[in-house]
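Heads up, the thing below is written out as structure tokens.
The values are calculated or read from the model by the stated rules, or taken from the named source; none is laboratory data. From a predicted model like this one, the values you see are computed outputs, not experimental measurements. Ideal geometry is used to build each Cβ from the backbone, glycine not excepted, and the neighbour counts take in all protein chains shown. With ligands, DNA and RNA removed, areas are computed over all heavy atoms of the protein, side chains included. Shrake-Rupley method; radii C 1.70, N 1.55, O 1.52, S 1.80 Å.
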Amino acid sequence: MEIYEKVFSIKNKYFERVFDTEENKVFFRPFSPIFECYIPTNKESKYKFILDQNINLEKKEFKTNKDLKNFIFSQETLQRNVYGILDPIYNRIKNKYFGLNISFKSRIWYLDIEATAPEGEGFPEPKEAKFPVNTIQIYDNILNKKIILMTKSLNNPKLFYKKHPEVILKIFNSEKKLFLAFFTLIEKLNPCIITAWNGDFFDFPYLTNRAKNLGLNYRRLSPLKHIEEKEIRGEMIPTWEGLYLIDMMRAYKKFTYVARSSYSLDSIAQIELNEMKKVEYQEYKSISEFFNKNYDKFIEYAVRDIEILYELDQKLNLMELIRSLAYMMGINYNDTFGTVKPWGIFLTNIAFKKGLILPKDEKHKLKNSISGGYVAEPQKGLHEWEISFDANSLYPLLGMQAHNMSPETYIPEEKLSKELLEIRNKYQRDEDESKFLNEEVLDEISKVCKKNNVSFGTNGFFKNDKIGIIPEIVKDTYNTRKETKQKMLKYKTFKSRIEQELKERKEKIKNEN
């Protein structure tokens, strides 16, 4: 099976990075993009407009974006609606790959570099990249090897290899040759993800700018020899097109949902792995002195950096989470750091599988906004016989799922029956819902809703004739979560039992001896 690892464009040309699961190899393939939209038709069609499924739609395909734009302009000039515009990158994923069962490992490099500044020069700035890169450290998850590219020989290599038999040391007599070897390694092993701690603001720009300063063809950092840079917080952050540069610190902040007082790798290693990150070097005044006076230990320090990155990811599964989200939603790995875009594309893909097409743009905004959930004012003071309970997944289950809340199930005010409109005017205009939270009112609302086969949500009615897309997603996600949690608890029980048995065996052996 072929599955995408990345779909992207370079100067209006479109490519996909593909992993062949039978050949177990990666290749790049150009593809012809499809620019498409949907327009109303009088014929019966498998495509319907999501907000009004009485509208049949037919697909229109174009070879260029210019042709699509010209067509849209002509339709809008004639005051005709156009639906379902999607970027060709996500169109490709939707049409060719969305919904496939994914089970393969992408090649991931856990990367760190050392660029030591001379005494008194301060910390190396990635924007300037004026100090030499002394080592490039890589942990390759497929080879399960640590590769260290370095510009200086060890004093006692036998002792080092005895401690670190899994490390491959490559020594070069110049920084330029070190970089050329790094370029060749990228070309030969073709990593999908290169991740580093604070990589966006140090490792990735430093390597890019240092290669430029050395007069090298820095574009060789990209498998397709194309590098773009984007300014973020005053720094130019590079993209080595054809692979992903993922800042693990950014991923940690995004997906662990906890605030830390410090995000240094030292601090996070202590919290997550219960150990200090670094090889100690307090006896030296600076990292530069450490490098110059005890190089063998300095390389151990460099190796430990990438070990910690790998161990953190083994525990937290950040890279695998990013990959899983991307394949679930039908997006690229780096899109998972967004909020609106991944969910928008995910809903587009789910709807498309049902033959439902989303609006083209903001023209389909609701005339009346839907208010948020009602929050009652607390009744202050001492109370007797109170009870507190935690409803399981209250908002998604009792809100979206119980009321079938979804874009295509919402009934706009102009389409409400006279009976429903009366209920809306009577009870939904005033946002103080406490006035209506009594048995008589709720009974009246319930009877009308049951008669019309609708649910009554905050400031709106929702059809109940078939389950909506969002409630369906919520249900599937919640059920998967429950199943996964049950498996996790079984695993923990099994693990605890094994650990106890091992402990008892050790005690028995100890007593026998």
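Being open to solvent by 60 Å² or more (accessible area, probe 1.4 Å) and closer than 25 Å to I193 by Cβ is a property that holds for P30.
F182 falls short on exactly one of the conditions (1) farther than 15 Å from P132 by Cα; (2) of a type outside the set (S, T, N, Q); (3) touching a residue at least 40 places away in the same chain (Cβ under 8 Å), and that condition is (1).
Restricting E300, E241 to those that are in contact (Cβ under 8 Å) with a residue 60 or more places away in the chain and under 20 Å from the mean Cα position of the chain (by Cα) reduces the list to E241.
For segment 405-438, how many residues meet the condition of being of a type in the set (A, V, I, L, M, F, W, C) and part of a helix (DSSP H, G or I)?
Selection size over segment 405-438: 3.
All of (1) surrounded by fewer than 21 Cβ atoms within 10 Å (Cβ to Cβ); (2) free of Cβ contacts under 8 Å to residues at least 12 places away in the same chain hold for A326 with one exception: (1).
Count of segment 234-286 residues, restricted to those that are of a type in the set (G, A, S) and closer than 30 Å to E16 by Cβ, is 2.
Being in a helix (DSSP H, G or I) and either open to solvent by less than 30 Å² (accessible area, probe 1.4 Å) or free of Cβ contacts under 8 Å to residues at least 12 places away in the same chain (or both) is the filter here, so list the residues in segment 250-271 that pass it. Within segment 250-271, A251, Y252, K253, F255, L265, S267, I268, A269, Q270, I271 qualify. Against the list (1) in contact (Cβ under 8 Å) with a residue 60 or more places away in the chain; (2) surrounded by fewer than 19 Cβ atoms within 10 Å (Cβ to Cβ), the condition N349 fails is (2).
The residues on offer are N334, N317, and the sole one that is open to solvent by 60 Å² or more (accessible area, probe 1.4 Å), at positive phi and not basic (K, R) is N317. Take I246 and tell me if it is closer than 22 Å to E320 by Cβ, in contact (Cβ under 8 Å) with a residue 24 or more places away in the chain and in a strand (DSSP E or B). It is true that I246 is closer than 22 Å to E320 by Cβ, in contact (Cβ under 8 Å) with a residue 24 or more places away in the chain and in a strand (DSSP E or B).
Residues in segment 473-482 that are open to solvent by 50 Å² or more (accessible area, probe 1.4 Å) and either among the hydroxyl-bearing types (S, T, Y) or at pLDDT 90 or above (or both): T477, T480.
When the residues of segment 49-98 are filtered to those that are aromatic (F, W, Y) and over 27 Å from E16 (Cβ atoms), the one that is least open to solvent (accessible area, probe 1.4 Å) is F49.
Yes/no per residue for (1) modelled with pLDDT of 95 or more; (2) in contact with a strand residue (DSSP E or B) (Cβ under 9 Å, 6 or more places away or on another chain); (3) charged (D, E, K, R):
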site	(1), (2), (3)
K170	yes, yes, yes
K176	yes, no, yes
L189	yes, yes, no
I194	yes, yes, no
D200	yes, yes, yes
D203	yes, yes, yes
K212	yes, no, yes
Y218	yes, yes, no
L224	yes, yes, no
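Considering (1) among the aromatic types (F, W, Y); (2) more than 26 Å from the chain's Cα centre (by Cα); (3) farther than 22 Å from K418 by Cα, the lone condition that F456 does not fulfil carries the number (3). If I filter segment 201-223 down to residues being open to solvent by 20 Å² or more (accessible area, probe 1.4 Å) and within 23 Å of the chain's Cα centre (by Cα), which single residue comes out as nearest to A251 (Cα to Cα)? Ranking the qualifying residues of segment 201-223, first place goes to F201.
Scanning segment 448-470 for residues that are touching a Ser or Thr at 6+ places or on another chain (Cβ under 7 Å), β-branched (V, I, T) and either part of a loop (DSSP other than H, G, I, E, B) or open to solvent by 80 Å² or more (accessible area, probe 1.4 Å) (or both) turns up just one, T458.
Go through the residues of segment 306-322 one by one and say whether even a single one is over 16 Å from Y110 (Cβ atoms) and either assigned to a helix (DSSP H, G or I) or of a type in the set (G, A, S) (or both). No: segment 306-322 contains no residue that is over 16 Å from Y110 (Cβ atoms) and either assigned to a helix (DSSP H, G or I) or of a type in the set (G, A, S) (or both). Taken across segment 489-497, residues that are open to solvent by 90 Å² or more (accessible area, probe 1.4 Å), of a type in the set (F, W, Y) and assigned to a helix (DSSP H, G or I) do occur, with at least one present.
For a quick check of your reading: which strands (runs of 3 or more DSSP E) sit entirely within segment 1-120 and have at least 1 residues that are free of Cβ contacts under 8 Å to residues at least 12 places away in the same chain and under 29 Å from the mean Cα position of the chain (by Cα)?
Values: elements: 2-10, 13-20, 25-31, 35-40, 47-49, 52-62, 108-114.
Output list reads 25-31.
Filtered by the rule that a residue be among the basic types (K, R) and under 26 Å from C192 (Cβ atoms), segment 229-267 gives K230, R250, K253, K254.
Look at segment 406-419: where a residue is closer than 21 Å to I470 by Cα and a partner is open to solvent by less than 40 Å² (accessible area, probe 1.4 Å) and assigned to a loop (DSSP other than H, G, I, E, B), sitting 6+ places away or on another chain with Cβ atoms under 7 Å, you get S406/G468; P407/I50; E408/I50; E408/G468; T409/G468. If you filter segment 429-447 down to residues that are open to solvent by 100 Å² or more (accessible area, probe 1.4 Å) and modelled with pLDDT of 85 or more, you find that the one that is nearest to F461 (Cα to Cα) is K447.
The set of residues in segment 206-226 that are farther than 17 Å from T195 by Cα and either assigned to a loop (DSSP other than H, G, I, E, B) or in contact with a helix residue (DSSP H, G or I) (Cβ under 7 Å, 6 or more places away or on another chain) (or both) comprises A211, K212, L214, G215, L216, N217, Y218, R220, L224, K225, H226.
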